[in-house]
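K.L.:
This is the structure I have questions about; it appears just below.
The values are calculated or read from the model by the stated rules, or taken from the named source; none is laboratory data. Keep in mind the model is a prediction, meaning the values are calculated, not measured. Backbone-built Cβ (ideal geometry, glycine too); neighbour counts: all protein chains shown.
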Amino acid sequence: MQGKIKPNLPQKQVVLPFKKSVEIAVKSINSRFFRTLITTMSLILAISFYAYIKVNLDIISSIAASNDKAAIQRLSLQGIEVPEEGGVLGLSPQERWLLFLSLLVCVVGIVNTQLMAVADRFREIGTMKCLGALDRFVLRLFLIEAVLQGLIGSALGGAAGAVIACLGALVKYGSSVIGLMSVNQILTSVLSAVVLGCLLSILGVLYPALLAAKMQPVEAMRGRD
Amino acid sequence: MGKTIVQVLKGIDLEIRAGEYVSIMGPSGSGKTTLFNMIGGLDKPSSGSVFIDEIDISQLDAYELAWLRCRKIGYIFQTFNIIQVMTALENVTLPMVFAGVSDDEARERGMDLLDLVGLKKRFLHKPFELSGGQQQRVAIARALANDPAIILADEPTGNLDLSTGEEIIKLLKLLSQEKGVTIISATHDLKMLNVSDRVIWISDGKIEKIEKREELSISLGQIGEK
């Protein structure tokens, strides 16, 4: 073939430092606050539900493992069967199913809003590519946004779920339950909720972000508004 | 339904010298935008090649193309395409960030460029606080960010009123003279002809004629009569 001259460009470097990526992602989240709120809302709800169930289980287990006869009796009154010595309390199949569904709905919701967000930002992405952005810069920007949304959303959701579970326990099992609760266990549960929330957020943005990253810069040229 | 292959460009043979101001003219569907995208490395020819400074850009990989877009080519769009979430200055410095320029230097150069297009005082403004003409000025400053050899302007005056369009054209001409940047613009705007060194008329995927500026005044008369 004709014209196969080996390109010999000096320092073919295009970069986007991590700090800058975060800066751009934060800017983008700030200026699309309402959309971010909607995306984050489904995450907050799902994660608060997850945290509520987890923390509730933590509290019940603590009570069951204690020697507080009165509290254990109240457990039975709530219809919770206290396992024999050494037995472990777990989630009921219904609870598992509900939890799974809520998380699934959450991810689908995130995919949906993120796809819309990507469609909205086609011009912006195309322009960035015309200015020299690589596919992975775009991917990274979307992932950082998702992680930030995930962190904020699941921290809020996790805290809300834990607080509701603790208040509920106070009402249902009396104030003696405060002494029985294990703060460490509850914090671990909330932490697991935050990690799960971030993972869900990333999972939800993956496909839309890949779509955005693969977009051709020529899209920016097409005068769509 | 199957895909139909449409041959858009048919045997275009074109050489553009460094520092030249070239306008590509032609009706919609003539292949103007396709030719334009090929020159800018936004589209790859199915056969044939495009050379910029001896480099065949159809042979470049994604990484090298990104580098080319970042350093060698500045793009100006009909729809301005200023990034909405960023201020004027951040828009201008974004290509510098990609090029690995330090923050301080980028800021300084960005302010100089905004000064050049007459928007120094508005560096903190977001796009929605700027008029169309001002946005296009920001876009021109952004296109110049990394001292490109070529500026590709796709209908730069298409969304602007007459006098603002004229100002933008003047600014582009000034830049090509002062900085020696090659300016290639696809346009319908006859005002562009007055400042172009050469006008390339495309029709049906072929070059119909290439006119130098000296010959232009006559053709302009002819267009008026049509």
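K.L.:
Residues B:I39, B:I73: which one is over 23 Å from B:L190 (Cα atoms) and of a type in the set (A, V, I, L, M, F, W, C)? Let's see the steps before the verdict.
P.N.:
Numbers: B:I39 fails: over 23 Å from B:L190 (Cα atoms).
Exactly one residue qualifies, and that residue is B:I73.
K.L.:
Oh, and also: Can you name the residue in region B:13-26 that is touching a strand residue (DSSP E or B) at 6+ places or on another chain (Cβ under 7 Å) and assigned to a loop (DSSP other than H, G, I, E, B) and is also farthest from B:A66 (Cα to Cα) among such residues?
P.N.:
My answer is B:G26.
K.L.:
Hey, another quick one. Inside region B:90-122, can you point out the residues that are under 12 Å from B:A141 (Cα atoms) and either surrounded by fewer than 21 Cβ atoms within 10 Å (Cβ to Cβ) or of a type in the set (D, E) (or both)? I'd like the intermediate steps shown before the answer.
P.N.:
Taking region B:90-122 first, the residues under 12 Å from B:A141 (Cα atoms) are B:90-96, B:109-120.
Residues satisfying the conditions are B:E90, B:R109, B:M111, B:D112, B:D115, B:L116, B:G118, B:K120.
K.L.:
If you scan region A:129-145, which residues turn out to be among the hydrophobic types (A, V, I, L, M, F, W, C), touching a residue at least 60 places away in the same chain (Cβ under 8 Å) and either farther than 30 Å from B:N146 by Cβ or within 12 Å of another protein chain (Cβ to nearest Cβ) (or both)?
P.N.:
A:C130, A:A133, A:L134, A:F137, A:V138, A:L141
K.L.:
Checking B:N37 against (1) assigned to a loop (DSSP other than H, G, I, E, B); (2) modelled with pLDDT under 90; (3) facing chain A (nearest Cβ under 7 Å), which single condition isn't satisfied?
P.N.:
B:N37 satisfies every listed condition except (1).
K.L.:
Pull up region A:117-128, narrow it to residues that are within 13 Å of chain B (Cβ to nearest Cβ) and among the aliphatic types (A, V, I, L, M), then point me to the one that is farthest from the chain's Cα centre (by Cα). Spell out how you get there, then give the answer.
P.N.:
Of the residues in region A:117-128, the ones within 13 Å of chain B (Cβ to nearest Cβ) are A:117, A:120-128.
Next, from what is left, pick out any that are among the aliphatic types (A, V, I, L, M): A:117, A:125, A:128.
Details: A:A117: 17, A:I125: 24, A:M128: 27 Å.
Among them, the one singled out is A:M128.
K.L.:
Answer yes or no: is there a residue in region A:75-97 that is touching a residue at least 40 places away in the same chain (Cβ under 8 Å), assigned to a helix (DSSP H, G or I) and buried (at least 17 other Cβ atoms within 10 Å of the Cβ). Step through it out loud before you land on a result.
P.N.:
Step one: filter region A:75-97 for residues touching a residue at least 40 places away in the same chain (Cβ under 8 Å), giving A:75, A:78, A:95.
Add one more test, that the residue is assigned to a helix (DSSP H, G or I), and what stays is A:75, A:95.
Filter again for buried (at least 17 other Cβ atoms within 10 Å of the Cβ), leaving A:75.
Scanning region A:75-97, I find at least one residue that is touching a residue at least 40 places away in the same chain (Cβ under 8 Å), assigned to a helix (DSSP H, G or I) and buried (at least 17 other Cβ atoms within 10 Å of the Cβ), so the answer is yes.
K.L.:
From B:R142, B:R109, which residue is at pLDDT 95 or above, basic (K, R) and over 24 Å from B:F36 (Cα atoms)? Let's see the steps before the verdict.
P.N.:
Details: B:R142 fails: over 24 Å from B:F36 (Cα atoms).
Every option except B:R109 fails the conditions.
K.L.:
Additional query: For region B:44-57, which residues satisfy the criterion of being more than 27 Å from B:H188 (Cβ to Cβ) and more than 8 Å from every other protein chain (Cβ to nearest Cβ)? Before you say what the answer is, go through the steps one by one.
P.N.:
Going residue by residue through region B:44-57, those that are more than 27 Å from B:H188 (Cβ to Cβ) are B:47, B:49, B:51, B:53-56.
Hits for region B:44-57 are B:S47, B:D53.
K.L.:
Oh, and also: What's the number of the only condition in (1) buried (at least 20 other Cβ atoms within 10 Å of the Cβ); (2) more than 9 Å from chain A (Cβ to nearest Cβ); (3) out of contact with any helix residue (DSSP H, G or I) (no Cβ under 8 Å at 6 or more places or on another chain) that B:W67 fails to meet?
P.N.:
Unmet condition: (2).
K.L.:
Residues in region B:2-54 that are of a type in the set (K, R) and surrounded by fewer than 10 Cβ atoms within 10 Å (Cβ to Cβ): how many? Walk me through it before giving the result.
P.N.:
First, pick out the residues of region B:2-54 that are of a type in the set (K, R): B:3, B:10, B:17, B:32, B:44.
Now drop any that are not surrounded by fewer than 10 Cβ atoms within 10 Å (Cβ to Cβ), which leaves B:3, B:17.
Going through region B:2-54 one residue at a time, the tally reaches 2.
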